Amino acid sequence: MTMEVPKTEADSGSPTAHQNGSDNPQTTSEFGAQVELSETDLRPDENVAHWYIDNNWGLSLEELFDMSLIFLKEKDGKAFQPTYEEKLKLVALHKQACQGPYDPDACPEVGFFDVLGNDRRKVWASLGKMTKEDAMAEFIKLLNTCCPLFSPYVTSHKIEKEEQERKRKEEEERLRLEREEMEQRRQEEEQCRREQQEQQQREEEKRRREEEERLRMEEQKQQIMAALNAQTSVQFQQYAAQQCPDDPEQQQFLIQQLQEQHYQQYIQQAWQLSQQQTTLETQQVESPDNREQSEACAAPHSESVNDHLDTSSLSQEERDTATPPGISAPSMWTRPLIKEFKEKMHDDPDSIITVGRGEVVTIRVPTNEDGKYMFWEFATDHYDIGFGLYFEWTNLATGSSSVSTGIEPSDEDTGNGEPPETAKVTQTPLTEEVVPVYRRDSHEEVYAGSHQYPGQGTYLLKFDNSYSLWRSKVVYYRVYYTR
């Protein structure tokens, strides 16, 4: 880069003014006087150190040199007025930094009357073998010396450069964080996608197993229901024919309900048997010491019972009292046709009873010789009612009670052989619970059920309104038997 310095009037002086025989180069001042440029003025300052420039402005030598050239081009003649000698030296240092040492063969000839060109070449040649770095440093130092505005200029550009660098780093950091965030989000989405796929696979596998289990249970249910329906089809058909004599569709619907209730009852009984079997197996795996101890504790009680109950000497009635047979669980269901049921019951006044407030009404229904099952169904108006079913054995009793007169027998009475006077002996029939008393929403649905005869006796249907202190309940009921 060549920096041209504009000529002044003094630069175009006569050539005789520069034809001095002195060894030192001469130049013409601004006022026409010759100024001798000593060798010391043209020699680079040996005390100038690069670290001084770098530490003052924090910029590299090349950056400062380029900045100084821009500053000189913009501010020369405006912000400062360098002297002629300073301009010559600035031009010479610029050529030394850009082109290297002066080479007469490589440079074009300068006319004898070109005073400015000759002065420039003399100053350039006086720099000798100065390196480009030293020339740059001398150029910057000279510019800073002759123009006090250069230092603030460099400082402002340094601040601007630092600000740009800071913004650049912030932008790079922001971009880096965005990339990291995007990468993290991508990884999270990938992880979430994998988890969703795994979850879907697990759910599909679970649904498949559940479907297989459902189909297996449905098949097993169909097999069990087919076997159960073969046993109860006649009874359910008779019951449905009695309930809906002129409606085959309703009969079929009722039979399906009964079959479903029977299946649920069978499953419940099977579960109870399974629980009993599990309990029995648990008891069987007890340690031998525990079994021996339990047998030893139970032996005296068994002996005392056998001593008091000698069944061989008891009558048939007493043997029945000692060992009552078990009672099977009832079947119970509901159906929503409550309005039709009440309309049918209106034709039979004996099927409608009123249970007063706080009362319990018991209906006794003896077993029939021609029947094996008892069926019942009931409904109420507007409010619920408690219902329970009990069975009272005919030939079984819970025990006897006797009352003494309180008069001790005398010896004379004893001698006469007459027995003392005692009260009458009374026996209480054995009653077992079939359905516990529980409040039923019979004002919304018809409650129905059936129970197999456990033997000869009497069923007790209890309608409990003892919990109601203000309302009486109207009950519509029907009881019958089938084979």
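The values are calculated or read from the model by the stated rules, or taken from the named source; none is laboratory data. All figures in this text were calculated on a predicted structure; none of them were measured in a lab. For neighbour counting, all protein chains shown are included, and Cβ atoms are generated from backbone atoms with ideal geometry for every residue, glycine included. These accessible areas exclude ligands, DNA and RNA; they are computed on the full protein's heavy atoms, side chains included. Shrake-Rupley method; radii C 1.70, N 1.55, O 1.52, S 1.80 Å.
Miscellaneous remarks
- Hits among lysines - C-alpha to C-alpha of Lys129 under 25 Å, sequence gap 8 or more where chains match: Lys87, Lys89, Lys95, Lys141
- Exceedance of the 20 Å cut-off in Cα-Cα distance is limited, within the set Lys78/Lys122; Lys78/Lys132; Lys75/Lys158, to Lys78/Lys122; Lys78/Lys132.
- Between amide H atoms placed 1.01 Å from N, distances below 5 Å from Leu337 occur with Val446, all of them 5 or more places distant or on a separate chain.
- Here Gln164 and Arg193 are evaluated by their C-beta separation; at R0 = 41 Å the FRET efficiency comes out at 0.45.
- Value of Rg to Rh for the stretch 135-277 (Rh from inverse mean 1/r over Cα pairs, i.e. Kirkwood): 1.79
- Cut-off 18 Å, label 7 Å out along Cα→Cβ of Ile267, residues of the stretch 203-246 by amide N: 210-230
- Packing rank of 229-236, 218-225, 150-157, 370-377, where each peptide gets the mean count of other beta carbons within 10 Å, highest leading: 370-377, 150-157, 229-236, 218-225
- Eligible lysines near Lys473 by straight Cα distance, threshold 26 Å, same-chain separation 8 or greater: Lys339, Lys342, Lys344, Lys462
- The stretch 162-224: Rg to Rh, with Rh as the Kirkwood radius over Cα pairs: 1.64
- Counting only heavy atoms of the protein chains and using a 1.4 Å probe, Ile70 has close to 90 Å² of accessible surface.
- For the stretch 87-155, GluC sites (Glu not before Pro) are listed when DSSP marks them as loop and at most 14 other Cβ atoms sit within 10 Å of their Cβ; the list is Glu109.
- Rounded Å value of the spacing that divides the Cα centres of the stretch 87-106 and the stretch 435-483: 128 Å
- For the stretch 152-196, a simple Cβ point-charge model (Lys and Arg +1, Asp and Glu -1, everything else neutral) yields a dipole of about 160 debye relative to the Cα centre.
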